[in-house]
Structures are given as structure tokens and as C-alpha cells.
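Report on the following structure.
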Amino acid sequence: MAVVHRPSVSRLDDWVAAGLLTAEQAERIAAYEAEHGVTEPPPPPPSSPPPADRRRSPGVAGAEAIGYVGAALVVSALGRMLAELWRELTTTGRLTLAGLVAVLALAAATGLQRMPRPALQRLTSVLFSVGVLAVAWFAGLVADEVVGARGAVIAVTASAAAAAFAVPLYLWRPRGLPQTTALAAVLATVLSLLALPTLTPDTFWFGLVAWAVGVAWLLAGLGRWVLPAGLAGVLGGAVALLGVQFAAFDGERLALLALGVATAGALVGLAVRADTLHHLVVGAIGLFVLVPQVVFELFGDALGAPAALLVVGLLLVLLAVGLGRAGQEVRRQDDAGAVRRDRAELGGESR
């Protein structure tokens, strides 16, 4: 026999205190429940563990921990070998060592990637990233010690090999760490290609190209071509702002700083418009770093310090407004989601 369930007064009071309901809505819900009643299945017996407990698996958590400990031991051993034995190894020995690390890391990651446990999925991402780095190491050794290439060619070979593995692995597993690894490999490849010509470009061009790559990655995240989209926004915005700051050290400083301020301002505007906290954080940090530099460039040391303080104060006010809007939107979405879940549950129980 179904049990008639009515929400207790204390539960409704908790919802009102949490801002999910108004006092008037709570009274109307109580009156409705008293008039109609809602049926629900009997609760599980006390001996049944909650679903969260059933999902816990000490063995899986232990496997993840053991995997990280093993990776740390491998890194430690490799570091010691590099410091003490590297000069004594032959070219074949060095290539064998780098290739062995790459094969073992990629093979272990491939063996774990079908396991649905979150802990093992995180370990898989770490192992894939280690494998990509080992592939870059192996390719760089081939270019250096087998081909006898110069520095720029070695950098291009290593970074291109990393990108050739990192990008497909990310497309196969679109997660946070693989995305970070893929962006790093692509950025390293593009920047190392700039160093190939006999006349190496100025720092200005390296920074400007990094800005372009960061903006492209940010836009790809907005279009949801790169997932997770939030991480793509953070990585793309950070790379763009760092590229501008790097380029500003070598000529055209004011123009480049203005480009950085415009980029950071666009991120803040996007955050306020779309209520996205990650864009707001990256854009605000960029403004805090770049705007004082622009002020000092325009006004010099005499008025630069007080003007910079004034601008930073205004930025803090704008940041507070943006954070308030983002927090309000998150709470509104949570409330709407809770209402939809409650309606779904009530509809299912009434049927």
C-alpha cells in the first residue's frame, strides 16, 4: 500500500530559509499537499546502503593512488638517470629509454581508458599526457643525435610529434588535461616554426602569434568545438593575455598593452553578458596586470601611481558587480533546476 507523504513543516522552513521558496509559496504547497496528498514508494530498509556508498570503491581509489605513486617513482628515477648516467648512455640507450617511457605510458593509458570510474579516467588522462611528453622527448633525441639537426629544427620536431599525438588523443577523449596538453603542443609547434628562418623574428611576433592562437582557442570554446568549453575559455584567454604581455617587452609597447586591455575587457564584457565566471576571472586578472602598465606609459612616474590606484579601484568595483551577477545567475539556475526536479518527481509520483 502506498504511503501518503506530506513535506514536514521543518523541511518547508529549510527551503524558505535557503531562498528556494517564499513563505507564501510554502503555505500554498502545504495546503495543496494536505488537500491532495502525494504517494511515494516506501523507503528502503535501514540495512540498504545509500547509492553514494555503493558507488565508492576503495580498490579504484587505491589503483589511482598507486598509479600516481608509480608515476612519481618513474619521474624520480628518470631524473636521477638524467643527472648521473645520461652522459654515459649511448644514442641507442637514450632512444630506448625515451621510447620505453612513451610506449609504457600510452599502453597503460589505453588499457585504462575503457574503465568508467572517474579516478581511473583521471589517471588515464595523466598517463596520456606523460606519453605525449615522452614522444616529444624521443622525437627530439632523433632530431638531435641521429639527424644532427640544429636547435630550431629539434624544437619543431619535438613539438610537432607531441601535437601529432596530443590532438588525436584529445579528439578521442575530450577532457581537461588532454585539452591542455593539446593546446601546449600546438602552441609550441607554431612558435618553434617561427624560429626556423635564418633571421629569427622579433619577440613582438612570437607574442602576437601566441595572442592569435589563444583567441582562436577561446573562440573555438565559445563555439563548443573544443570541450570542456569553460576550460577552453580559461586557457585561450590566458594564452592570449600572456602573449600580449610577452610581446610588449619588445617594441610597440603601448599599442600591444592596449590590445591586451581590449582583450581583457572583451572577456569581462563576455562574462557579464553570458554570466560566465571563468571569463570574468581571466579578464579581471588581465586588466589588473595590464591597465597599470598602460597608465604608467601614458602619464609617466609623476601621475602614474595615483592614476593606477584609481583605475585599479574602479576595476575592483566592476569585478564586484560582475561576480554578483555571475553568482546570482548560478543561484537562479540552481533554483530553476531544483524546481524542475521537484516537478518531475511530483509528476512521476502522482502517475
Which of (1) at pLDDT 70 or above; (2) open to solvent by 50 Å² or more (accessible area, probe 1.4 Å); (3) closer than 28 Å to ALA161 by Cβ does ILE66 not meet, given it meets every other one? (3)
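Do we have THR96 as surrounded by 12 or more Cβ atoms within 10 Å (Cβ to Cβ), at pLDDT 60 or above and farther than 20 Å from VAL130 by Cα here?
Details: surrounded by 12 or more Cβ atoms within 10 Å (Cβ to Cβ): yes; at pLDDT 60 or above: yes; farther than 20 Å from VAL130 by Cα: no.
Answer is no for this residue.
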Which one is most open to solvent (accessible area, probe 1.4 Å) among residues in the range 266-280 that are over 15 Å from ALA229 (Cα atoms) and among the β-branched types (Val, Ile, Thr)? VAL272
Contact list, first residue from the range 111-133 and polar (S, T, N, Q), second anywhere and open to solvent by less than 30 Å² (accessible area, probe 1.4 Å) and part of a loop (DSSP other than H, G, I, E, B), beta-carbon distance below 8 Å, six or more apart or interchain, is GLN113/ARG173; THR124/ARG173; SER125/ARG173
Scanning the range 176-195 residue by residue, the ones that are farther than 13 Å from LEU235 by Cβ and either touching a residue at least 40 places away in the same chain (Cβ under 8 Å) or among the basic types (Lys, Arg) (or both) total 2
Cβ pairs under 8 Å, 6+ apart, first in the range 146-159 and closer than 16 Å to GLY99 by Cα, second outside any helix (DSSP H, G or I): THR157/ALA149
All but one of (1) buried (at least 20 other Cβ atoms within 10 Å of the Cβ); (2) of a type outside the set (Asp, Glu); (3) farther than 21 Å from LEU219 by Cα; (4) at pLDDT 95 or above hold for LEU127, so report the exception by its number. (4)
Condition met for ARG150 (of a type in the set (Lys, Arg), over 25 Å from the mean Cα position of the chain (by Cα) and modelled with pLDDT under 90): yes
Hey, could you check the range 205-261 for residues that are over 20 Å from LEU171 (Cβ atoms) and not in a helix (DSSP H, G or I) and say which is most open to solvent (accessible area, probe 1.4 Å)? PHE249
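Would you mind stating whether VAL268 is farther than 25 Å from PRO178 by Cβ, in contact (Cβ under 8 Å) with a residue 12 or more places away in the chain, among the hydrophobic types (A, V, I, L, M, F, W, C) and assigned to a helix (DSSP H, G or I)?
On the way: farther than 25 Å from PRO178 by Cβ: yes; in contact (Cβ under 8 Å) with a residue 12 or more places away in the chain: yes; among the hydrophobic types (A, V, I, L, M, F, W, C): yes; assigned to a helix (DSSP H, G or I): yes.
When the stated conditions are applied, VAL268 passes them.
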Hey, can you tell me all the residues within the range 153-202 that are among the hydroxyl-bearing types (Ser, Thr, Tyr) and assigned to a helix (DSSP H, G or I)? THR157, SER159, TYR170, THR180, THR181, THR189, SER192
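Return the only residue of GLU35, GLU24 being farther than 19 Å from VAL126 by Cα, modelled with pLDDT of 75 or more and either open to solvent by less than 70 Å² (accessible area, probe 1.4 Å) or in a helix (DSSP H, G or I) (or both). Step through it out loud before you land on a result.
Numbers: GLU35 fails: modelled with pLDDT of 75 or more.
From the options GLU35, GLU24, the qualifying one is GLU24.
The values are calculated or read from the model by the stated rules, or taken from the named source; none is laboratory data. Predicted model, so just to flag it, every value in this text is computed and none were measured. Quick reminder, even Gly has a Cβ in these numbers, built from the backbone with ideal geometry, and neighbours come from all protein chains shown. These area figures cover heavy atoms from the full protein model, side chains too; ligands, DNA and RNA do not enter into them. Shrake-Rupley method; radii C 1.70, N 1.55, O 1.52, S 1.80 Å.
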